[in-house]
Amino acid sequence: MPSRRFADGEVVMGRWPGSVLYYEVQVTSYDDVSHLYTVKYKDGTELALKESDIRSQSSFKQRKSLSSSSSPSRRSSSRSRSRSRGRPAKGRRRSSSQSREHRDDKKKTIQETNLALLVLGFSDCLFFKPSENNTRSYNGEPETTEKNDKSFVILEQKLKPDPETERVLEHYSLRPRKEERKKEEIYSEKKIVETVKIIEKAPSKTKELEFGGRIGTFILIFFLPATVFYLLLMCKQDDPSLLNFPPPLPALESLWETRVFAVFLGWFSLQALLSLLPVGKVVEGLPLSTGRRLQYRINGFYAFVLTAAALGTLLYFQFELHYLYEHLLQFAVSAAAFAMLLSIYLYLRALRAPEEDLAPGGNSGYLVYDFFTGHELNPRIGSFDLKYFCELRPGLIGWVVLNLAMLMAEMKLHNQSMPSLSMILVNSFQLLYVVDALWNEEAILTTMDITHDGFGFMLAFGDLVWVPFVYSLQAFYLVGHPTAISWPAAAAITLLNGIGYYIFRSANSQKNNFRRNPADPKLAYLKFIPTATGKGLLVTGWWGLVRHPNYLGDIIMALAWSLPCGFNHILPYFYVLYFICLLVHREARDEHHCKEKYGLAWDRYCQRVPYRIIPYVY
């Protein structure tokens, strides 16, 4: 077993990966398995280096002293003594390499002499400005007041050195050698930085396939719509028990209605128009692989307020909103058909997109996989970002509209003047969730959906179908299966939702604020582990308790949304089970992504924060 050469805390010289430059670093740890040293640069960057890439500072000092031991004058004097009369004939004989060196020195001397004359002549002409009486002026100050600017311009153009002269001037610079050496070091550092940037920008094929690869994604394209229709059909049954599988299927012709599809298109178009309104601030997203930042209009909350005002106006004029409840299955079919058409359009346009615009997770080269995960990262029509729009607008706001439609349908079907307490709790909790997302719309720009995942069938179907029709499952269930709860139970459920929301919001706020501006004095209390990417991993606050505290808040809120439905059937708790499975999958993706991105820093973070979602449990 090889012994380590450098101790922890020792200051050494570490080679920057991919270059020949060494920088002063400090050894922080050593891995006995991989035999790699973890070193820390002065700017806080931590990297893992091999022992061959690390050298002691004394070796650099010795090399410097050796290189400066022989002076140029000494070498020139030794050459001058080489042709002495007292030397034998063999000593006077000159090798071919020495002859070439002599010829090169002679040629260089002639060129430098000509260059000196050229520089003197050029500088003399440069300060000369002819006037009408042919007087001379030096340093730009004429001896006479009469000038001929036109003749000066022509002469100035003639005096510009030709390309060959510029090459000689550049090659035989009169600057000191120390300045030249410094310039070469700066140039080499710039070339290394440019090379690293080119490597980072170079698109790569997706090697690790998720969701079961090509076969898994092919199955999901059909399984996800079937799951939505199954849940909606089960909620319609008098006894929505799992033992009643399969539910009675309606006639195929009853699943499609052109009027319903037209209403859905009108809803999608309305939200698109509201997103284009010139209200709200414009912010920049995170840097792309090319270094470019896209701009986004933050006006989701304004769109929600305008939509609420429009709905209020329709209700004032006796518009029957429970129409959505009566045709919910047809709306789900219309939304699924639109999501499929949109996904086909997105994939076809991605085939013509530049390589740098493709999603890192959807560039496998397999049609089905890339179609499902999304081939293009940020598809845009002009400044209209399709993925960003669908993430929050038509589906999320549509979720609130469907919940309100269920509330109105419950009152009408059961002849109630007021909605039930259970329905009020479900609507209130989920309304808070949607309003929070729209109010903090800018935070979505740092999520993996925007920065990593492409826009394909997975996100299109999820945003337009799964979110509005599955997330409103509790409200849809309560319409046909009313559940009475007591006020103490309602208070306890409200407290539980408040705890989940507090964890969710405070954890996300800590993360987003730290990502936006780590140097903010308000965040000075937060401790973090520096990484090689320049970013930090929080180890205090919620992120010092578990690695994904926002997921913990999501699970608690999902449970609070389902509890008002009672315990007669498991169907309302499908959302909780789904959410747990989804978050476990996302957590695994995040772990893998962070391991690749942060390397040893992520291992240190996992050692310091061992629990993933639930403290002391998981």
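The values are calculated or read from the model by the stated rules, or taken from the named source; none is laboratory data. None of the values given here were measured: they were computed from a predicted structure. Reconstructed Cβ throughout: ideal geometry from the backbone, glycine too, with neighbour counts over all protein chains shown. Surface accessibility is based on the protein's heavy atoms, side chains included, excluding ligands, DNA and RNA. Shrake-Rupley method; radii C 1.70, N 1.55, O 1.52, S 1.80 Å.
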Inset, instruction - Select, from 437, 491, 443, 507, the only residue that is assigned by the TED database to the domain that holds residue 590, of a type in the set (Gly, Ala, Ser) and surrounded by fewer than 22 Cβ atoms within 10 Å (Cβ to Cβ). - result: 491
Inset, instruction - Could you list, in sequence order, all residues of region 264-282 that are free of Cβ contacts under 8 Å to residues at least 60 places away in the same chain and either open to solvent by less than 100 Å² (accessible area, probe 1.4 Å) or in a loop (DSSP other than H, G, I, E, B) (or both)? - result: 266, 269, 270, 277, 278, 279, 280, 282
Inset, instruction - Look at residue 418 and say whether it is open to solvent by 20 Å² or more (accessible area, probe 1.4 Å) and in contact (Cβ under 8 Å) with a residue 12 or more places away in the chain. - result: no
Legend entry - So residue 346, is it assigned to a helix (DSSP H, G or I) and under 25 Å from residue 283 (Cβ atoms): yes
Legend entry - Residue among 495, 438, 478, 425 that alone is over 22 Å from residue 328 (Cβ atoms) and touching a residue at least 24 places away in the same chain (Cβ under 8 Å): 438
Inset, instruction - Could you grab me the full set of residues in region 297-325 that are in contact with a helix residue (DSSP H, G or I) (Cβ under 6 Å, 6 or more places away or on another chain) and not in a helix (DSSP H, G or I)? - result: 298, 321, 322
Inset, instruction - Being in contact with a helix residue (DSSP H, G or I) (Cβ under 9 Å, 6 or more places away or on another chain) and open to solvent by less than 20 Å² (accessible area, probe 1.4 Å) narrows it down to one of 615, 549, so name that one. - result: 549
Legend entry - Lone unmet requirement of (1) buried (at least 20 other Cβ atoms within 10 Å of the Cβ); (2) in contact with a strand residue (DSSP E or B) (Cβ under 9 Å, 6 or more places away or on another chain); (3) not aromatic (Phe, Trp, Tyr) for residue 518: (1)
Inset, instruction - Spot the failing condition for residue 455; the list is (1) touching a Cys at 6+ places or on another chain (Cβ under 8 Å); (2) farther than 28 Å from residue 287 by Cβ, and only one is missed. - result: (2)
